[in-house]
Amino acid sequence: MPRAIWSGSISFGLVNIPIKLYAAVSRKNVSFNQLDSRTGARIKYKKVSAADGEEVPGEAIVKGYELSSGAYVTVGDDELAALDPEASRTIDIEEFVDLVDIDPLFYDSAYYVAPDKATTKPYALLTQAMEESGKVGVARFVMRSKQYLCAIRPKDGALVLSTMVYADEVNDPAEIPEIADVEDVKVTKKELDMARQLIASLSEDFDADRFEDTYRNQVLELIERKAAGDTEIVAPPEVISEDKVVDLMAALEASVKEAKSARKRHPAGAPAAGEEQAEPAKKRARKSA
């Protein structure tokens, strides 16, 4: 059973709803330790001085911020503690905005918001009102001595809190020259129509269960085989060079053809958006008769 990582309350107007936060995502990464190949012993790291290579004891280590000149400004833990945001157990909703107005780029970590047993009704009321209005609550709160900007939104009858990055943390795509060059590119109507047809041919309702981390699965399978005594060495994949100069229309037409063919081969295949299901020849013949 998951454990709550934070408890407090949601506040909006004069309404206060006690809640708990639970992690909405459990990352599943394969982690490795570094070993000495000669002995199999773990590799340990030491904190050493760049001046003389000697190991530095923990009590002698301080925080330093590097300036553009290369010099450092040292900051003490007590000085940083004095700047910590005021400890509060309240998530103060400052405003409600339309869900579509928040670019997903701003979302960071997600948490389920669970109500206190004694306050399920105001929690349900807030959730339903937000669902019907299509609104998201923008708020601030403090967790582990750090202040977060967050968005609270309804999902499947519950509330989800997503921490958010600040506007000045989002890189401006205009500063990336390859993206800036796209503005000068002209596409023809025929190319655009073909691209739309390809998108329609590949369109499906999103089902997260259809996707899995195939790389992680393969790594775990490799580990299991080696743990069982398999000594076969996995060969690296062959590097296939790709010609970047392509005939765009030919590639689009071939892609549309392949997408349609794949739908016909699939037992649950359905006509793509904007396409009509072809009638069997016998049925057409009966109609013409």
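The values are calculated or read from the model by the stated rules, or taken from the named source; none is laboratory data. Bear in mind the structure is a predicted one, so any value in this text is a computation, not a measurement. Here the Cβ positions follow ideal geometry from the backbone for every residue, glycine too, while neighbour counts run over all protein chains shown. What goes into the accessible areas is simple: the full protein's heavy atoms, side chains included, and nothing from ligands, DNA or RNA. Shrake-Rupley method; radii C 1.70, N 1.55, O 1.52, S 1.80 Å.
Just to be sure I understand the filter: pairs with C-beta atoms under 6 Å, separated by 6 or more residues or on different chains, first member in the range 44-55 and without any contact (Cβ under 8 Å) to a residue 60 or more places away in the chain, second member part of a loop (DSSP other than H, G, I, E, B) and open to solvent by 100 Å² or more (accessible area, probe 1.4 Å). Which pairs pass?
Pairs found: Glu55/Lys46.
Considering only residues of the range 85-113 that are over 22 Å from the mean Cα position of the chain (by Cα) and among the small types (Gly, Ala, Ser), which is nearest to Gly157 (Cα to Cα)?
Among residues in the range 85-113 that are over 22 Å from the mean Cα position of the chain (by Cα) and among the small types (Gly, Ala, Ser), the one nearest to Gly157 (Cα to Cα) is Ser88.
Look through the range 145-160, keep the residues that are open to solvent by 60 Å² or more (accessible area, probe 1.4 Å) and within 22 Å of the chain's Cα centre (by Cα), and return whichever of them is nearest to Phe12 (Cα to Cα).
Among them, the one singled out is Arg153.
List every residue pair whose Cβ atoms lie under 8 Å apart, where the two residues are 6 or more positions apart in sequence or sit on different chains, the first residue falls within the range 60-87 and is free of Cβ contacts under 8 Å to residues at least 12 places away in the same chain, and the second residue, located anywhere, is surrounded by fewer than 10 Cβ atoms within 10 Å (Cβ to Cβ) and among the charged types (D, E, K, R).
Final answer for the pair search is Tyr72/Glu66.
Take Pro115 and tell me if it is touching a helix residue (DSSP H, G or I) at 6+ places or on another chain (Cβ under 6 Å) and at pLDDT 90 or above.
yes
Hey, can you tell me all the residues within the range 115-144 that are within 27 Å of Asp84 (Cβ to Cβ) and open to solvent by 50 Å² or more (accessible area, probe 1.4 Å)?
Asp116, Arg140, Arg144
Can we say Tyr112 is surrounded by 12 or more Cβ atoms within 10 Å (Cβ to Cβ) and within 20 Å of Trp6 (Cα to Cα)?
Yes.
Exactly one condition in (1) over 30 Å from Arg216 (Cα atoms); (2) touching a residue at least 40 places away in the same chain (Cβ under 8 Å); (3) charged (D, E, K, R) is not met by Asp108; state its number.
Just one mismatch for Asp108, condition (1).
Would you confirm whether or not the range 124-132 contains a residue that is of a type in the set (Asp, Glu) and within 15 Å of Ile10 (Cα to Cα)?
no
Could you tell me whether Thr163 is of a type in the set (Ser, Thr, Tyr), surrounded by 13 or more Cβ atoms within 10 Å (Cβ to Cβ) and outside any strand (DSSP E or B)?
Against the criterion (of a type in the set (Ser, Thr, Tyr), surrounded by 13 or more Cβ atoms within 10 Å (Cβ to Cβ) and outside any strand (DSSP E or B)), Thr163 does not qualify.
Being aliphatic (A, V, I, L, M), in contact (Cβ under 8 Å) with a residue 12 or more places away in the chain and open to solvent by less than 70 Å² (accessible area, probe 1.4 Å) narrows it down to one of Leu222, Leu248, so name that one.
Leu222
Sort out which residues of the range 166-186 are surrounded by 10 or more Cβ atoms within 10 Å (Cβ to Cβ) and either in a loop (DSSP other than H, G, I, E, B) or more than 19 Å from the chain's Cα centre (by Cα) (or both), and write them in order of number.
Correct list: Val170, Ile176, Ile179, Ala180.
Can you say whether Asp193 is in a helix (DSSP H, G or I) and either open to solvent by 80 Å² or more (accessible area, probe 1.4 Å) or within 30 Å of Ala82 (Cα to Cα) (or both), as far as the supplied structure shows?
It is false that Asp193 is in a helix (DSSP H, G or I) and either open to solvent by 80 Å² or more (accessible area, probe 1.4 Å) or within 30 Å of Ala82 (Cα to Cα) (or both).
If I filter the range 63-71 for residues that are aromatic (Phe, Trp, Tyr), within 30 Å of Gly8 (Cα to Cα) and out of contact with any helix residue (DSSP H, G or I) (no Cβ under 7 Å at 6 or more places or on another chain), do I get at least one hit?
no
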